[in-house]
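See structure below.
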Amino acid sequence: MSVVAPSPVGTKGFVPRLAQPWIRRLRLLERLDAAPQVVVVSGPPGGGKTALLAEWFSREPRGTAWLSLDSRDNDPGRFGAMVAYALGASDELFGRRDSDITLIDDALTRVSVAGDDVVLVLDDVHELTERTAFEALDHLLLRAPACLSIALATRADPCVSLSRLKVEGRLLEVRAGELAFTADETAEFFRTCGFALAEGDTATLWERTEGWAAGLRLAAIALTSEPDPARFISDAARTEAVVSDYLVREVIERQLPELQEFLLRTSVADRLTAELAETLSGDRDARDRLELLERGGVFLTAVDDTRTMFRYHALFGALLRARLRAQRPVEAQDLARRAATWFADHDMPLEAEVHARRAGDWELLGALLCSRWLRSVIDGGGDRPLPFDLPLDAAPDEPALALLAYAEAVSVRHRADADRWRSHWAAMAVPDDDEQALVARLVDVMYGRIFGATEESVSAGARVRAACLAGGRELDGLRVVALVREAELRLDSGDVDEAVALLHESRREALETNTPWIGCEAEAWLAFVAVCRGDLRDGESWLHDALESEHSTRAMGSIRDVTAVTSALLHAARGRNAHALSDVANLDGAGISSALLREAAALVVEVLDPRSSRRAAARSPILAEVLVSLGDLERVSENGGTPGRYDGERAVARARRLVDTGRDDALVLDVLTAALLDAKAGHPRTRVEMMVLGALAAERLGDEFGAREWVQRSLDAAEPEDLRAPFLDYGRDVAGLLERYAWQSGARHGYAVEILEDVRRSDPPVFVEPLTAREHAVLQYLPTMMSNVEIARELFVSVNTVKTHLKAVYRKLGVDRRRDAVLRARQLEIL
């Protein structure tokens, strides 16, 4: 037992003054106000522990006592005396030969007898390191009477019975995560400091400091002397420099030399486990050191509930890495390489990429990036390259990076660069069974999609499928993607029947391999082919299946373009040109996923938009089918094609010319009759137009019976697929026909009336603000009983988009409800 020595207690009892300016953080103060008997506020140096308790202390209506601890309070008897004195004991206790626990018991008895509520704050509890001091603190916490509340501020949890207090419901913990400033608090802090920072600049400082109070205050101090705050904030190195001295002084230099070495070597890893820490440091006690550092208030925190993964605070880790690079650059690179290899071996590829890049290990980085792209394709992420930020200076010497540079050039549609990088990679002679060879074939497929199908790209699709079959079940998803891609390229190259067979196979395989989102894309392409061939009902069914599938959301990135173009062709065939143009107008032409779809979308605009003057030839059979389905028969007729393939289209094109030039209606009928004798001649839309032209020619010849027969046949051919575009193309001439003969069309009478109403549409009067294409498209559905959700589904847009267009329609028509919009539109002959 030692004698309690006198001490200058007064300064230890002073409550620290709050730094100015200061912001009140009510979310934390309210937690402390509602706290149970014991509060532990734990966080790193500069985390705001003392400031929070000082502000709360000043608000307390109860009796209060503050005691700041230091290393001298580890001396036997001293801690107990400090606590007793803070709680109101007289100077007589100094010089007594009592233990800490005896002194504390005397003080607790005095507080209990007085019965007044008292709050005791113990600051810098981490200064207590001796067993006797911990025992005394534990005794104080466990034996405190109900009228005494105790708050501890510490960088690390003391060795006391906190778990027991927690079980008893007597403990509130405020940890580093809660102490950290929120984004809103950070913005308020800088406003209070007088800085009018942009929202992005405030967010940058908050993210870089992770809300660390001292870091924010040091940044504010630095900003006072900065003529260009935005430039200072954007410079990460300068931001880190303003806090480095603080971290060195308050954290690093306080550690033992062997612990400082441990910090430096392990700082190269953004995340740490005990095993990785041992790999980097060579220290067999790595697990104990990590736990010690966390408990000791160093900027190390556990990132999972099991406390097996740790990370350094961003600024602290950056400082350690900078010191390591400056002092031992070769070792820093070697340690980063070790970390990258460890992460790769433990199936943490993204972390491995970061550290491989940091180490300059381009071979490992390239392999990791290639693997990530393959995983993305298999998981339904599409087959476009990911944003890799490639170190192109290293690419000429590293096959994987050269391959990814090839992929990047393809994705941005720089054909010359793509050809150069492809040749460069091929010259490196990578074995066919290497994963890179598989990636190369995928990029070859992508090359064909973006620049147009070639023999090499079609062959690459088949080779990818073969490689996947040999690679086992883990490549099943990639094999199904390859089926769809090969089908798409075969469509573009002209092998339509084989493409359709591959699409059906991929749809079946998608179900069997549990990759249903790929099946959605196969269905979308089947819809495209069906619509191009004139099978509108089948195309609409496939399109519905693709979009209504529970997996369509996951597939939307890959099916967006093909569904939009298919929808446009459907609407065009049904005479809804405004809808069709709206469908393709929503596409980003530069970002459309394939050359085939890009050209198909362009053809829709060329044919349907009267302002378009461009008339490019169709470079492939499927694009010729697109032209036919749009009714542009002259280009198809001029471009020839397979003998007999477009005889019906040539007949209609000739009939059009005859009508336009001399109106030799007898010859027109002869041409059309001859074409119709061949049951396979012409696209379904073309055959309907044959009959419409025949009806017009017969009527001009005065053959009413023949005209009626041609009208009946045209309605019979059009209604099953709802091919009303050929009627609308001839406008008022067809209106007269239908007015005279529709009533004799029997079961087709209702359909004839619908077409007649469509034909009678006219542009809105000049005094009505014109509707956009999409607004006009929405307006067409208002007379129906369809809900906004159903209209959205029909137009392939969101319900919020439909609501936005409806508001615009109501405003332009001067109405405020659906029924009035329909009436007004009919008065104006918009409907």
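On inspection, Val802 fails the criterion of being assigned to a helix (DSSP H, G or I), within 30 Å of Pro720 (Cβ to Cβ), open to solvent by 70 Å² or more (accessible area, probe 1.4 Å) and at pLDDT 80 or above.
Scanning region 378-390 for any residue that is more than 25 Å from Arg560 (Cα to Cα), modelled with pLDDT of 85 or more and surrounded by fewer than 22 Cβ atoms within 10 Å (Cβ to Cβ) turns up nothing.
Considering only residues in region 778-799 that are modelled with pLDDT of 80 or more and part of a helix (DSSP H, G or I), the one that is surrounded by the fewest Cβ atoms within 10 Å (Cβ to Cβ) turns out to be Val789. Just one of the listed residues (Leu218, Leu276) is touching a helix residue (DSSP H, G or I) at 6+ places or on another chain (Cβ under 7 Å) and modelled with pLDDT under 85, and it is Leu218. Filtering Thr673, Thr661, Thr686 for residues that are open to solvent by 70 Å² or more (accessible area, probe 1.4 Å) and of a type in the set (Ser, Thr, Tyr) leaves a single hit, Thr661. Checking the structure you have, find out if any residue of region 790-801 is of a type in the set (D, E, K, R) and in contact (Cβ under 8 Å) with a residue 40 or more places away in the chain. Yes, there is a match, as at least one residue in region 790-801 is of a type in the set (D, E, K, R) and in contact (Cβ under 8 Å) with a residue 40 or more places away in the chain. Reported count of residues in region 211-232, each being under 13 Å from Thr182 (Cβ atoms) and either open to solvent by 40 Å² or more (accessible area, probe 1.4 Å) or free of Cβ contacts under 8 Å to residues at least 40 places away in the same chain (or both), is 2. For Leu87, the stated conditions do not hold, so it cannot be described as modelled with pLDDT of 90 or more and closer than 30 Å to Pro44 by Cα.
The listed residues are Leu738, Leu728, and the only one of them that is in a helix (DSSP H, G or I), touching a residue at least 40 places away in the same chain (Cβ under 8 Å) and either in contact with a helix residue (DSSP H, G or I) (Cβ under 7 Å, 6 or more places away or on another chain) or of a type in the set (A, V, I, L, M, F, W, C) (or both) turns out to be Leu728.
Give Gly539, Gly534 a once-over and let me know the one that is open to solvent by less than 10 Å² (accessible area, probe 1.4 Å), in contact (Cβ under 8 Å) with a residue 60 or more places away in the chain and small (Gly, Ala, Ser).
Gly534
Considering only residues of region 16-71 that are assigned to a helix (DSSP H, G or I) and open to solvent by 60 Å² or more (accessible area, probe 1.4 Å), which is nearest to Val251 (Cα to Cα)?
Within region 16-71, the match that is nearest to Val251 (Cα to Cα) is Ser71.
Pairs meeting the criteria (first residue in region 702-718 and surrounded by 21 or more Cβ atoms within 10 Å (Cβ to Cβ), second residue assigned to a loop (DSSP other than H, G, I, E, B) and of a type in the set (Gly, Ala, Ser), beta carbons under 7 Å, at least 6 apart or on different chains) are Val711/Ser745; Leu715/Ser745. For the structure I just gave you, tell me whether Asp334 is on the phi > 0 side of the Ramachandran plot and open to solvent by 40 Å² or more (accessible area, probe 1.4 Å). When the stated conditions are applied, Asp334 does not pass them. Looking across region 164-210, the residues that are open to solvent by 40 Å² or more (accessible area, probe 1.4 Å), among the β-branched types (Val, Ile, Thr) and either over 27 Å from the mean Cα position of the chain (by Cα) or farther than 24 Å from Ala54 by Cβ (or both) come down to Val167, Thr192, Thr204. Among the residues making up region 509-534, those that are at pLDDT below 90 and in a helix (DSSP H, G or I) are Glu509, Ala510, Leu511, Glu512, Pro516, Trp517, Ile518, Gly519, Cys520, Glu521.
All conditions in (1) at pLDDT 85 or above; (2) open to solvent by 50 Å² or more (accessible area, probe 1.4 Å); (3) closer than 25 Å to Leu633 by Cα hold for Pro726, with the sole exception of (2).
What are the residues in region 594-613 that are among the small types (Gly, Ala, Ser) and over 27 Å from the mean Cα position of the chain (by Cα), if any?
Of everything in region 594-613, those that are among the small types (Gly, Ala, Ser) and over 27 Å from the mean Cα position of the chain (by Cα) turn out to be Ala600, Ala602, Ser612, Ser613.
Would you mention how many residues in region 397-429 are open to solvent by less than 30 Å² (accessible area, probe 1.4 Å) and either of a type in the set (S, T, N, Q) or assigned to a loop (DSSP other than H, G, I, E, B) (or both)? Qualifying residue count, region 397-429: 1. Of all residues in region 447-471, those that are open to solvent by less than 10 Å² (accessible area, probe 1.4 Å) and touching a residue at least 40 places away in the same chain (Cβ under 8 Å) total 2.
Go through (1) under 20 Å from Leu32 (Cβ atoms); (2) open to solvent by 60 Å² or more (accessible area, probe 1.4 Å); (3) of a type outside the set (S, T, N, Q); (4) over 49 Å from the mean Cα position of the chain (by Cα) for Leu120 and report which single condition fails. Every listed condition holds for Leu120 apart from (2). Of the residues that make up region 676-692, is at least one small (Gly, Ala, Ser) and more than 22 Å from Val636 (Cα to Cα)? No, region 676-692 has no match at all. Taking region 491-516 as the range and being buried (at least 24 other Cβ atoms within 10 Å of the Cβ), hydrophobic (A, V, I, L, M, F, W, C) and within 23 Å of Ala568 (Cα to Cα) as the test, the residues that pass are Leu491, Leu503.
Check region 304-311 and report whether any residue there is under 26 Å from Gly177 (Cα atoms), open to solvent by 20 Å² or more (accessible area, probe 1.4 Å) and touching a residue at least 40 places away in the same chain (Cβ under 8 Å). The answer is yes; a qualifying residue exists. Determine, yes or no, whether Ala274 is touching a residue at least 12 places away in the same chain (Cβ under 8 Å) and over 21 Å from Leu319 (Cα atoms). Yes: the conditions hold for Ala274.
Rundown of residues vs (1) part of a helix (DSSP H, G or I); (2) aliphatic (A, V, I, L, M); (3) under 28 Å from the mean Cα position of the chain (by Cα), yes/no style:
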residue: Arg449; (1), (2), (3): yes, no, yes
residue: Ser457; (1), (2), (3): yes, no, no
residue: Leu469; (1), (2), (3): yes, yes, no
residue: Arg490; (1), (2), (3): yes, no, no
residue: Asp497; (1), (2), (3): yes, no, no
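The values are calculated or read from the model by the stated rules, or taken from the named source; none is laboratory data. Keep in mind the model is a prediction, meaning the values are calculated, not measured. As a convention, Cβ positions derive from the backbone with ideal geometry for all residues, glycine included, and neighbour counts pool all protein chains shown. The area values use the complete protein model at the heavy-atom level, side chains included, leaving out ligands, DNA and RNA. Shrake-Rupley method; radii C 1.70, N 1.55, O 1.52, S 1.80 Å.
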